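Working notes, structure below.
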Amino acid sequence: MKHDFEPKIVAFVCTWCTYAGADLAGTSRMLYPSNVRVVKFPCTGRIDPVFILKAFQKGADGILVSGCHPGDCHYMAGNFHARRRFAVFRKLLEFIGVDLNRLEFSWVSAAEGGKWVEIVTELTEKIRSMGPLTQFTDLNDEEQWSGALSNPELKAVYDQV
Amino acid sequence: MSRIGVFICHCGENISRTVDVEQVAQAARQMVGVTYACDYKYMCSDPGQTLLKKAVAEHRLEGIVVAACSPRMHEKTFRNAAQAAGLNPFLCEMANIREHCSWVHDDRVEATAKATDIVHMLVERVRKNKKLIPITVPVTKRALIIGGGIAGIQAALDIADCGHQVVLVEREPSIGGHMAMLSETFPTLDCSQCIMTPRMVDVVNHPKITLHTYSEIESVDGYIGNFSITIKKKARSVDMAKCTGCGVCMEKCPQKKIPNEFDKNLGFRPAIYVPFPQAVPNTPVIDREHCTKFINGKCGVCQKVCGPGAVDYEQQDELIVEQVGAIVVATGFKLYDITEKPKGSAIKGYGEFGHGKIPDVIDGLTFERLASASGPTGGKIIRPSDGKEPKQVVFVQCVGSRAREKGISYCSKVCCMYTAKHTMLYKHKVHDGQAYVFFMDARTPGKSYDEFWRRAIEEEEAVYIRGMVSRVYQKGDKVVVMGSDIAVGVQVEIEADLVVLATAIQPRDGADTLAQKLGISYDKYNFYSEAHAKLRPVECATAGIYLAGACQGPKDIPDTVSQASAAAAKVMTLFSKDQLEREPIVARVNEKFCVGCLACKKVCAYGAVEEKEIRDRQGNLIRVVAYVNPGVCSGCGTCQATCPSKSVELDGYTDEQVMAMLETL
């Protein structure tokens, strides 16, 4: 089935659980939408919130962060650090105006190929219905602003200053 | 780096069925920095690897992307091939276009586009990859064993027999642990001391084993291969070098009425004592709490009678430092003391069983001492209250164990078997006696275990009553046990002479404190956690530390000995190399930028981050920065994501590499 809009999804995963879970989905020949691009980390604890901003900036429409289940971290507590960090980070994203539905967190273990497929499929459908994320790409365009005050509102502000 | 080679694998038809590999190769040739791209049917095969090696030489490649299966499958294969071709193995990356692409998508156009994207990401990543050199750390081939019970003894002997130095530390004045206290062992009923004491002697006579009894671990520094252990040798008040073990001091000591802990307070010992006659080392220790000389200075008999002049009242606690490469923790267990409700604990006591108030209600270990030929009664089973032979004995299983409402939900594993053994020992000694057992389930898995339990019922005529005991109380000189028989559905009341409670097995007191010193994890009951419940059952998550025996969970003697030998084998594997080599995926601190906030130190689960002082030439302290010890770092990267000044970098997963990948989106 073809769609008008194919969202770009980036998945930040840990190598021990979710990456292995995605591998299992592969070896089990489960099918899911091809929109996701996986970036592998040793642990979710390594994932800097800046990467999420960067991905949004470079055109990702939705982002998935996934690691080991609480208590199963290969590095003992990395996923707890990640969870705490992203709990705070979500507030920041909300503040700058990103719809939090575009960012999903989950735990997928190395044995949960099916769960990986479910999460990726659901997220793709959700983002597809939400449409593209344009705030960041618009900002990119503005950064290369020519100097012309094409927007009357902008011109009014400029004149006031 | 700009001379990248891309090698795309068909994986037979596994990839090429859904991904147009030629098109991906063509797209790869257009990518910035790619010098060479090709596709081949089986990249991992010998001709495939030869093709890769040839291409590296021919095109002077500086980095490789192999687009094939998951790196979890063949990363090592291709990194080895890269190394054989003269490249640093960490300049080779794998693009997973099989598990993450061809196998999970059916649309050829979409799959080809995704495969191209994946290859592009990895090409950008490899451009930022740096050469990494595997880290080597020297190994001190000496092992520390904490705990001198059967687990510690077995591990120590195995390692020492292999030719390595062993340091064995025991908290009590003698090694032997709980096994030395047991009378006979299931399922063979052989005498515990007969099989235990020769091993204890082997330990003290072994030229490779250094024994520190009456000693505790003060602190632990270092990491796998290079631990530095500070041991506190408590003052024995007897010079071990001079003492001949003649025992005159113990005979002459006027303090004779101190309850003997080894006999579970059934017998008495003097203030200068060895815990039991076969103690190793056979050197007495002065119990300073009860010794008249230490209480009011008015004795000193032992010093006067000691021929070699070994008694030394001035002796002080001593700190000694030992360098070791591996640690085996074998601290064992204690029995759940139900006489009092532990303060501040979620575990509730068993006041209704009268243990501690009624003298004829005892625990399993006390019964062992009663039944032991070397025990306070010489193996005669008598009531602690009046010394009479008990004619009716009630055994209660699962006291504390499997009682969620009381706070302990686990099964203590050995009680079913040792209670069956107790009924037999009792019957062998009191022929006209009758044993009753209250039990929830009989759990007897193990070689010859179920047969043993059946023998207790069928041949030794123990009466097993399935049900719980609600109350135990004194009535005249009898102890009444009230319980239920759920098989028949009636209340049972037995007027017993003696009640033996199979109380739960718990980790030793101070197990949590020791774990914190060692940096190993423990569960909510303070049992030490293994790295993996199935595949790494004797290793701790902390490298170089291994577990043996009941400190990891309730265990019987055969399981304990097996685990101790397994831990010893792990230690010997570690000691088989002079240098430890490990993947160089570790964090590094940029000292120029580090502000010394040490946020990284707080999040590091491995204690790999240390404080490093930067001093000028005069030796004045300029500032403190973080330093990551590469021998300890496990490479999770949590410190890097936490660092506010971005001055920690995890090799192999640098910000630069990740950002380069994200740039391709």
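The values are calculated or read from the model by the stated rules, or taken from the named source; none is laboratory data. Since the model is a prediction, treat every value here as computed from it, not as a measurement. Because the Cβ atoms are built from the backbone with ideal geometry, glycine has one as well, and the counts that use them run over all protein chains shown.
Among the residues of the stretch B:603-618, write down those that are part of a loop (DSSP other than H, G, I, E, B) and either surrounded by 12 or more Cβ atoms within 10 Å (Cβ to Cβ) or touching a residue at least 40 places away in the same chain (Cβ under 8 Å) (or both). Steps first, please.
Of the residues in the stretch B:603-618, the ones part of a loop (DSSP other than H, G, I, E, B) are B:604-608, B:616-618.
Correct list: B:CYS604, B:ALA605, B:TYR606, B:GLY607, B:ALA608.
Residues checked against (1) closer than 30 Å to B:VAL499 by Cα; (2) in contact with a His (Cβ under 9 Å, 6 or more places away or on another chain); (3) modelled with pLDDT under 90:
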| site | (1), (2), (3) |
| --- | --- |
| B:ALA271 | no, yes, no |
| B:PHE276 | yes, no, no |
| B:LEU319 | no, no, no |
| B:THR366 | yes, no, no |
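Residues in the stretch A:34-48 that are at the interface with another protein chain (Cβ under 8 Å from one of its Cβ atoms) and either touching a residue at least 40 places away in the same chain (Cβ under 8 Å) or under 17 Å from A:HIS81 (Cα atoms) (or both): A:PHE41, A:PRO42, A:CYS43, A:GLY45, A:ARG46, A:ILE47, A:ASP48. Take the residues in the stretch B:400-432 that are out of contact with any helix residue (DSSP H, G or I) (no Cβ under 7 Å at 6 or more places or on another chain) and β-branched (Val, Ile, Thr); name whichever of them is farthest from B:ILE381 (Cα to Cα). Among them, the one singled out is B:ILE408.
Can you find, within the stretch B:539-575, the residue that is farthest from the other protein chains (Cβ to nearest Cβ) among those that are part of a loop (DSSP other than H, G, I, E, B) and modelled with pLDDT of 95 or more? I'd like the intermediate steps shown before the answer.
From the stretch B:539-575, those part of a loop (DSSP other than H, G, I, E, B) are B:540-544, B:548, B:552-556; that's our starting set.
Still in the running and modelled with pLDDT of 95 or more: B:548, B:552-556.
Values: B:ALA548: 22, B:GLN552: 17, B:GLY553: 17, B:PRO554: 22, B:LYS555: 23, B:ASP556: 28 Å.
So, considering only residues that are part of a loop (DSSP other than H, G, I, E, B) and modelled with pLDDT of 95 or more, the one farthest from the other protein chains (Cβ to nearest Cβ) is B:ASP556.
Whether any residue in the stretch B:525-542 is buried (at least 21 other Cβ atoms within 10 Å of the Cβ) and polar (S, T, N, Q) is what I want to check. There is at least one residue in the stretch B:525-542 that is buried (at least 21 other Cβ atoms within 10 Å of the Cβ) and polar (S, T, N, Q). Sort through B:THR77, B:THR50, B:THR18 and tell me the only one that's in contact with a His (Cβ under 8 Å, 6 or more places away or on another chain) and either surrounded by 18 or more Cβ atoms within 10 Å (Cβ to Cβ) or of a type outside the set (A, V, I, L, M, F, W, C) (or both). On inspection, the qualifying residue turns out to be B:THR18.
Before we move on, is B:THR112 within 25 Å of B:GLU656 (Cβ to Cβ), touching a residue at least 60 places away in the same chain (Cβ under 8 Å) and of a type in the set (Ser, Thr, Tyr)?
Working: within 25 Å of B:GLU656 (Cβ to Cβ): no; touching a residue at least 60 places away in the same chain (Cβ under 8 Å): yes; of a type in the set (Ser, Thr, Tyr): yes.
Judged against the criteria, B:THR112 is not a match.
Here is a list: A:GLU104, A:GLU125. Which entry is over 10 Å from the mean Cα position of the chain (by Cα), under 20 Å from A:PHE5 (Cα atoms) and away from chain B (no Cβ under 12 Å)? Spell out how you get there, then give the answer.
Details: A:GLU104 fails: over 10 Å from the mean Cα position of the chain (by Cα).
After ruling out the rest, the residue left standing is A:GLU125.
Considering only residues in the stretch B:132-164 that are under 20 Å from the mean Cα position of the chain (by Cα) and assigned to a strand (DSSP E or B), the one that is farthest from B:GLN83 (Cα to Cα) turns out to be B:ILE146.
Annotation: of all residues in the stretch B:93-113 being assigned to a helix (DSSP H, G or I), under 45 Å from the mean Cα position of the chain (by Cα) and more than 7 Å from chain A (Cβ to nearest Cβ), the one that is farthest from A:TYR19 (Cα to Cα) is B:SER102.
Filtering B:THR136, B:THR116 for residues that are at pLDDT 95 or above and more than 9 Å from chain A (Cβ to nearest Cβ) leaves a single hit, B:THR116. Selection within the stretch A:1-22: residues that are in contact (Cβ under 8 Å) with a residue 40 or more places away in the chain and charged (D, E, K, R). The member of this set that is nearest to the other protein chains (Cβ to nearest Cβ) is A:LYS8. Which count do you get for residues in the stretch B:1-59 that are in a loop (DSSP other than H, G, I, E, B) and over 15 Å from B:MET94 (Cα atoms)? Looking only at that region, the number is 17. Within the stretch B:617-651, the set of residues being within 13 Å of chain A (Cβ to nearest Cβ) and under 22 Å from B:GLY225 (Cα atoms) comprises B:VAL632, B:CYS633, B:SER634, B:GLY635, B:CYS636.
Hey, among A:HIS74, A:HIS81, A:HIS69, which residue is part of a helix (DSSP H, G or I) and either away from chain B (no Cβ under 14 Å) or surrounded by 16 or more Cβ atoms within 10 Å (Cβ to Cβ) (or both)? Before you say what the answer is, go through the steps one by one.
On the way: A:HIS74 fails: part of a helix (DSSP H, G or I); A:HIS69 fails: part of a helix (DSSP H, G or I).
Testing whether each residue is part of a helix (DSSP H, G or I) and either away from chain B (no Cβ under 14 Å) or surrounded by 16 or more Cβ atoms within 10 Å (Cβ to Cβ) (or both) leaves just A:HIS81.
In the stretch B:584-600, is there at least one residue being touching a residue at least 60 places away in the same chain (Cβ under 8 Å) and either hydroxyl-bearing (Ser, Thr, Tyr) or part of a helix (DSSP H, G or I) (or both)? Checking the stretch B:584-600: not a single residue is touching a residue at least 60 places away in the same chain (Cβ under 8 Å) and either hydroxyl-bearing (Ser, Thr, Tyr) or part of a helix (DSSP H, G or I) (or both). Restricting the search to strands (runs of 3 or more DSSP E) fully inside the stretch B:460-503 and requiring at least 2 residues that are of a type in the set (Ser, Thr, Tyr) gives B:469-475.
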